[in-house]
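Asker: Have a look at the structure that comes next, please.
The values are calculated or read from the model by the stated rules, or taken from the named source; none is laboratory data. Only a predicted model underlies this, so the values are computations on that prediction, with no experimental measurement involved. Using ideal geometry, Cβ is built from the backbone for each residue, glycine included, and neighbour counts are taken over all protein chains shown. Heavy atoms of the whole protein, side chains included, go into the accessibility calculation; ligands, DNA and RNA do not. Shrake-Rupley method; radii C 1.70, N 1.55, O 1.52, S 1.80 Å.
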Amino acid sequence: MWSAPTQNAGMTKIRACIKEGPGKVAYAEFDVPDPGPGQVLVRTTLTTICGSDIHMVDDFDMIPPGMPMGHESIGIVEAVGEGVETLRRGDRIVAACLTSCGSCERCEDDEPQVCSTHGAPMNLLFGGQAEAFLLNGADFSSTIIPASIDDRQALFVSDIMSTGFAAIERAGMEEGQTVAIFAQGPVGLCVTAAAKTYGAGLIIAVEGIPGRVAMAKKLGAHHVVSPENAVEEIRQLTGGRGVDVAVEALGRQATLDACFAVTRFGGTVSSVGVYGTEGSVSIPLDGSFYHRRFVTTLCPTGRKRLDHLLRLIGDGLVDLTPLLTHDMALADVAKGYDMFRSHSDGVIKIALR
Ligand SMILES: [Zn+2]
Ligand SMILES: [Zn+2]
């Protein structure tokens, strides 16, 4: 069905979180953009701050000052650009954090997360932490949220649930297998929830921060061991055999090394950590590197992926809303960045309304 472009009725100015400079964000005012071909304008109802936002503001020079921030957002379609076929004004959608065109070679290979046609410096959605934002490739980069799923549940499918669940999927974990997950930040906790959802027999999380230890148990970890002696404890808990799957969810060389050390021969090390400013990481060649599999995962996106994750939520197999430890108004976004950056007050995810 073809929808004619519509005016964004009623909205003239919006406020948005921008990178002001290294280590600093601001809440600035903009004119409301009109959606171009393939785009929709989305009025944001819920968004959040991600670990990669902190990297982009603090560490990555390729994100210039003035860049609108945010890529995990839910909202209502306010205006529809030319050529958008499956969305109309008033639809409640979740946006994929990586947008896709649906027609390039990579999209046709069913790898929309590495779509080659959108955006600079990458196809990451920018501007989601705003009263409204433009979404590229809207037919492919979003989906309508079923009425039975609320915004707080759906928020996670845009990014961290997809990444966390993919860490387990790409490891090829089978029901009943043993999994160790290094670090229980927001993504690591999603990996723990995924291991439970997909039927792991033994889930061992590695974490030292008390609030996160408790959250790991709530989401399905059978044991939570401290980082200091994780390798030994995991060996003990698996009778010396090691785990079938070890997941690196921190982005550090030390935890990657530990993943290899606790993985059984023939098992899989699955890496989803963002290695931030580390120029490179190395893979240990001691032990039996040759008898293990190593997979890395980029957040899978696209409408089919979003629908799959929403189905898991809708079927009651997973509920990640406990991760939303704090609520704030979007206008307080700078405070939210400070809180998220310093992990203060036990913050895991902040719901920005
Ligand atoms: Zn993110
Ligand atoms: Zn594409």
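Asker: Just the residues that are touching a strand residue (DSSP E or B) at 6+ places or on another chain (Cβ under 7 Å) and either over 13 Å from ASP244 (Cβ atoms) or within 16 Å of ligand 2 (Cβ to nearest atom) (or both), please, taken from the range 161-178.
Answerer: ALA167, ARG170
Asker: May I pose another question? If you take the residues in the range 127-173 that are without any contact (Cβ under 8 Å) to a residue 60 or more places away in the chain and part of a loop (DSSP other than H, G, I, E, B), which one is surrounded by the fewest Cβ atoms within 10 Å (Cβ to Cβ)?
Answerer: Top of the filtered list is ALA147.
Asker: Consider MET339 against the criteria (1) surrounded by 14 or more Cβ atoms within 10 Å (Cβ to Cβ); (2) in contact (Cβ under 8 Å) with a residue 40 or more places away in the chain: it satisfies all of them except one. Which criterion is unmet?
Answerer: (2)
Asker: Going through the range 32-65 one residue at a time, which ones are open to solvent by less than 40 Å² (accessible area, probe 1.4 Å) and more than 16 Å from ligand 1 (Cβ to nearest atom)?
Answerer: Scanning the range 32-65 gives VAL32, PRO35, GLY36, GLY38, GLN39, VAL40, LEU41, VAL42.
Asker: Do you know which residues across the range 327-342 are assigned to a strand (DSSP E or B) and within 18 Å of ALA132 (Cα to Cα)?
Answerer: Of everything in the range 327-342, just one residue is assigned to a strand (DSSP E or B) and within 18 Å of ALA132 (Cα to Cα), namely MET328.
Asker: Restricting to the range 71-114, give me the number of residues that are within 11 Å of ligand 2 (Cβ to nearest atom), among the hydrophobic types (A, V, I, L, M, F, W, C) and not in a loop (DSSP other than H, G, I, E, B).
Answerer: Result for the range 71-114: 3.
Asker: Kindly provide the set of residues from the range 293-318 that are in contact (Cβ under 8 Å) with a residue 60 or more places away in the chain, more than 30 Å from PHE265 (Cα to Cα) and surrounded by 14 or more Cβ atoms within 10 Å (Cβ to Cβ), ordered by number.
Answerer: Hits for the range 293-318 are THR301, GLY302, ARG303, ARG305, LEU306, ASP307, LEU309, LEU310, LEU312, ILE313, GLY314, VAL318.
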